[in-house]
1. Using the per-residue mean of other Cβ atoms lying within 10 Å as a proxy for protection, in what order, highest first, do the peptides 107-120, 131-144 fall?
2. Between THR250, THR135, HIS236, whose Cα lies farthest towards the positive end of the dipole of the stretch 72-253 when Lys and Arg beta carbons carry +1 and Asp and Glu beta carbons carry -1, centred on the Cα centre?
3. Run the simple label-point estimate for VAL79 and ALA315 please: 7 Å along Cα→C-beta, distance reported in nm.
4. Given the -39500 (n - 2.57) contribution per DSSP H run of 4+ residues, what per-residue ellipticity at 222 nm results for the chain, rounded to the nearest 500 deg cm²/dmol?
5. What Kirkwood radius, in Å to one decimal, follows from the Cα pairs of the chain?
6. At each listed q (0.18, 0.20, 0.24 Å⁻¹), what is the log10 of I(q)/I(0) that the Debye formula gives for the stretch 245-327 modelled as equal alpha-carbon point scatterers?
7. According to the Cα gyration tensor, what semi-axes, each the square root of 5 times an eigenvalue, does the equivalent ellipsoid of the stretch 281-379 have, listed from largest to smallest in whole Å?
8. Looking at the stretch 72-253, what % of its DSSP beta bridges pair antiparallel, to the nearest 5?
Amino acid sequence: MSLRVEQSLSQLLHEALVSLRTLGKRSMLALLGIVIGSSSVVALINIGHNASVDAALIFKDMGTDTLVVQFPPKGSANVPMRTHLDLDAVRQAVPGIAHIGALSLFSGPIVFHGRSVNANFVGSTPDVAAAMRLTLQHGRFLSGFDVNETYAVIGADVAQALSAPGDPLRLGDRVRINDYLFLVVGLLQPQPRAMLMPVQPGESLFLPAEGMRRIYAAPQINNLIIRAAVGQDMEHLARAAADALRAQLTEHDVDIQVPQQMIDGMTRQSRTFAYLLLALGAISLIGGGVGVMNVMLMNVSERRREIGIRMALGARQRDIRNLFLLEAVTLTAVGALCGAVLGMTAAWLYAWLSGWVFDLAAAALPLGVGSTLLVGLFFGIYPAVSASRLQPVEALRDE
């Protein structure tokens, strides 16, 4: 019984391929429409996925356990921010804080052996390194004992810019800022850019917060970096930290950025973008399905006499229906496979031109090929049913 079924399916598939081959250019045009539709679905799903992955990389190195605090003035008054905050009091009031550091920002030229480069000057408290996940290549970071010292920790980009062949900037060298010489006690490793951080470590020179007065007459705290302990509710922690900081401030408010909220919002936006791209691909795929139905209807019209002969020789309605339905599915399956290859190639090329790292979306191939086959099945049903309902006598009268 199973052998008979396999022979029947093999015979139907052979007849379907022969019939599609005889259609010539018409089947090729329908196949082209299916290929374009299928490739559009596969490519657009992958492009949307890669756009989402690339956007998520912005937050990767910052970490979802990090908060960035800003201090906008209350009202319209432009009041300078304080130069000192009691960070220990904040840590005691909010036990979920693992590390907290303050940043005072300024910028200007650094000179080393006659070479000059502009950089960010970051007055920092000792806990900044842990809060910002700074990694040292050589030396150490600033400690609480360095408040009155002219010590500096230099980012990798700044160190490279100040170096020259045969004369690199090393640990223990001194760099000049205005009229002061600062001893280099640490060199940072190169780190990826973290878009939410108020300063990029590689482009910065870190000084003791109290030492900022040597290069800037009125330093003020611009930001706090808070890193939470493991397993904390970041929104709850942000509210508690804001309350603790407001208790020390009178003329400034507290604005805390919660990365997880931004990630969730970006995820929703990326999902909407992916749905839009998928809808565009589906429209293209439906257009290909209409082409398949048109070809199959013309095929039925031209083979009315053949259908009549088959029925006269004993073919049942379901045999005729299955024959034409298999032709439609076969045409669609070939288009789906070709479209999958073309779509993956297009998505990879788009990612390469955009500077993204290509990442294959898990749903791209199953959804692209599966939706194409369903479209072919849907648009092939009507021609197949129409062929199966022809009356043998009427079909045999056709010349």
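Readers should treat all values here as calculations from the given coordinates under stated rules, not as data from a laboratory. Just so you know, these numbers come straight off a predicted model, no measurement behind them. Note: ideal-geometry Cβ built from the backbone for every residue, glycine included; neighbour counts use all protein chains shown.
1. Put in order of decreasing packing, that is 131-144, 107-120.
2. Farthest along the dipole direction, towards plus: THR135.
3. Roughly 9.0 nm, to one decimal.
4. -18000 deg cm²/dmol
5. Result for the chain, one decimal place: 26.7 Å.
6. Debye intensities relative to I(0), on a log10 scale: -0.88, -0.96, -1.10.
7. Values: eigenvalues 283, 29, 17 Å².
Whole-Å semi-axes of the equivalent ellipsoid: 38, 12, 9.
8. DSSP beta bridges in the stretch 72-253 are roughly 75 percent antiparallel.
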